[in-house]
Amino acid sequence: MSREISRVNFAGKEIELGNNCYWTFLNTVQCPYFGEMNWSVHKTLEDAKETVENQLKIAKSRKGGKIISEEDIDIEFQDIPVKAKRLIYDFTGWKSVLAGISGGKTLTIYYVAENVRRKNISCTMSFWNNDEIHPDSKLPPLLEKIIKVKE
């Protein structure tokens, strides 16, 4: 089975990814230099929000880096206005060396949970500072297909 994919069904909607993406895990898509995302479908919105909070706690507890920015921001998640958490993580030490091999130094991560097309979704999206970031959206191509940042 090939790990490469060109489209994905995200909460009931087909999203074209191009031909630079692949599965890294269940419901986890990575598009080198275009962003990465993972998502889950939950029975309740409360469970989706709890999952996002747990992912955030894990990120905050990681060694080998530091959070340089954390804020709640307004976004459109699949055309639905919602608050998301945005974290910017700076790698240090050996983790910095490993991240630096690809040229990346900081990782921007968005955490969101919302009911989308009658599905309770938790979603984490991220990109490196050296990814292809479009100046208008301030997002890489993969994330542009999922969210719009209102800044």
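Quick look at the values:
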{"quantity": "Proximal aspartates and glutamates to LYS66, defined as alpha-carbon separation beneath 17 angstrom and excluding residues fewer than eight positions away on the same chain", "calculated": "ASP90"}
{"quantity": "Electrostatic dipole magnitude of the chain [Cβ: Lys, Arg +1; Asp, Glu -1; Cα centre; debye, to 20]", "calculated": "440 debye"}
{"quantity": "In order through the stretch 59-66: 3J(HN,Hα) via Karplus (6.51 cos²θ - 1.76 cosθ + 1.60), integer Hz, x for Gly, Pro", "calculated": "4, 5, 8, 5, 8, x, x, 8"}
{"quantity": "Listed pairs LYS83/LYS138; LYS57/LYS85; LYS60/LYS148; LYS83/LYS145; LYS83/LYS119; LYS60/LYS85 exceeding 21 Å between Cα atoms", "calculated": "LYS60/LYS148"}
{"quantity": "Which of MET37, ASN115, PHE91, positive extreme of dipole for the chain (C-beta unit charges)", "calculated": "PHE91"}
{"quantity": "Residue-span extension gain [ASN27 to GLU70] - 0.36 nm each, minus C-alpha spacing", "calculated": "13.0 nm"}
{"quantity": "Charge dipole (debye, nearest 20) of the stretch 1-68; +1 at Cβ of Lys and Arg, -1 at Cβ of Asp and Glu", "calculated": "380 debye"}
{"quantity": "Å² of accessible area per residue within the chain, as computed with a 1.4 Å probe and no ligands counted", "calculated": "58 Å²"}
{"quantity": "Rounded to the nearest 10 Å², the accessible area of ARG3 at probe 1.4 Å", "calculated": "140 Å²"}
{"quantity": "Normalised contact order of the chain, rounded percent, pairs of Cα under 8 Å and 6 or more residues apart", "calculated": "26 percent"}
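The values are calculated or read from the model by the stated rules, or taken from the named source; none is laboratory data. Everything numeric here is computed off the predicted structure, so don't read it as measured data. Every residue, glycine among them, receives a Cβ derived from its backbone with ideal geometry; neighbour counts consider all protein chains shown. We work out accessible area using only protein heavy atoms, side chains counted, and drop any ligands, DNA or RNA first. Shrake-Rupley method; radii C 1.70, N 1.55, O 1.52, S 1.80 Å.
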